[in-house]
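The values are calculated or read from the model by the stated rules, or taken from the named source; none is laboratory data. These numbers were taken from a predicted model, which means no experiment stands behind them. Neighbour counts run over all protein chains shown; Cβ positions are idealised from the backbone, glycine included. Accessible surface areas use protein heavy atoms only, side chains included; no ligands, DNA or RNA. Shrake-Rupley method; radii C 1.70, N 1.55, O 1.52, S 1.80 Å.
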Amino acid sequence: MQWQDQAIILGVKRLGETSVIAEVMTRDRGRHMGLVRSGRSRAMQPVLQAGNLVEVTWRARLHEHLGEFRIEPVRLRAARLMETATAVYGVQAMGALLRLLPERDPHPHLYDALDVILENLQNPMDAGELFVRFELAVLNDLGFGLDLTACAATGVRDDLAFVSPKSGRAVCRAAGLPWADKMLALPPFLAAGAVEAADCESLAAAFHLTGFFLHRHVYEPRGIEIAAARDGFIQAALKALSTASVTAERQQERLGAAFKH
């Protein structure tokens, strides 16, 4: 048996003296493992770094076998991803999320989202928001998607301010205020039709929202902990966004002062 597909490297495990087992996310065949002979060679080590886009050819005698990969580089971005904390932790955290899905189960939209996010992890204004949306997409594919499009109580689509911790559905401000202390906050940038970008406060609320449902529906039932890389990413993303926001404000102040003169 044989197939060929583009893939993103998620990680590798050593096997013997020279080989590795590579874990990749493919577009049409989901998360997949394969043996790479001489994977620890000087030529292959730079290619088999998490985040790199590669062309994979898989061969095996039977479909259920581990099989062997032949891997060719397409876009080597791992070195760039090592330059910022958001990118370093983000690659690890998204890999951990994808490992929650069954192996060889296709999720083409998650592959496409992963590829886009890896190209933007270094941008502090986008990294956190993109990651939260990736977590929401993974929750949806696991069967625990949140409905943030309309109020669960009234059906209205405006002024959605809360999320019910029981149903995972949005609740408008008027209906949710009496039970606000029991509700989860719905960050404005996640509401249907929102055009505003995330700030530090709303991004922190979004991380709390997705973390709550990941813990309740996925990690706790499986008896596992949320990946430590997620906490590292959250801290790095909030810090980077705060720094970028301060810098942008200072630039606006300088521009305003210049025009006054």
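List of remarks:
- Annotation note: GluC sites (Glu not before Pro) in the stretch 164-229 located in DSSP loop regions with a Cβ neighbour count of at most 15 within 10 Å are 196, 225.
- Residue 58 sits among other residues whose Cβ lies under 10 Å from its own Cβ, and their net charge, with Lys and Arg +1 and Asp and Glu -1, is +1.
- Net charge dipole size for the stretch 1-120 [Lys, Arg +1 and Asp, Glu -1 on Cβ; Debye, nearest 20]: 380 debye
- Cβ-based charge dipole, the stretch 3-126, positive-most Cα from 120, 50, 71: 71
- For the stretch 35-93, applying the loop criterion from DSSP together with a ceiling of 15 other beta carbons within 10 Å to the GluC sites (Glu not before Pro) yields 64, 83.
- Residues 19, 242, sorted by accessible area with the largest first, give 242, 19 [1.4 Å probe; ligands and nucleic acids excluded].
- Contact order normalised by residue count of the chain, Cα under 8 Å, 6+ apart, percent: 15 percent
- Of the residues 163, 179, 151, the one whose Cα sits farthest towards the positive end of the charge dipole of the chain is 163 (charges of +1 on Lys and Arg Cβ, -1 on Asp and Glu Cβ, taken about the Cα centre).
- Charged side chains reduced to their Cβ positions (Lys and Arg at +1, Asp and Glu at -1) give the chain a dipole of some 600 debye around its Cα centre.
- Cβ-based charge dipole, the chain, positive-most Cα from 9, 109, 41: 41
- Accessible area (Å², 1.4 Å probe, nearest 10) - residue 239: 150 Å²
- The accessible-area ordering, largest first, of the residues 195, 132, 88 stands as 195, 88, 132, per a 1.4 angstrom probe.
- Where only DSSP H runs of four or more residues are counted, the chain gives -12000 deg cm²/dmol as its mean residue ellipticity at 222 nm, each run worth -39500 (n - 2.57).
- Dimensionless Rg over Rh [the stretch 1-65; C-alpha; Kirkwood]: 0.94
- From the coordinates of this entry, Cα extents along the principal axes in Å is computed, and it appears in [x] 61, 54, 28; [y] 55, 41, 38; [z] 54, 45, 39 under the label [x].
- Nearest-ten-degree value, helix 127-141 long axis tilted from longest Cα axis of the chain: 70 degrees
- The dipole here belongs to the stretch 132-239: it is taken about the Cα centre, uses +1 on the Cβ of Lys and Arg and -1 on the Cβ of Asp and Glu, and is about 220 debye.
- With Cα atoms, 0 to 90° folded angle of helix 108-120 axis to the chain main axis: 80 degrees
- For the chain, the longest principal axis of the C-alpha atoms and the axis of helix 200-214 are separated by about 60°.
- Accessible area (Å², 1.4 Å probe, nearest 10) - residue 222: 120 Å²
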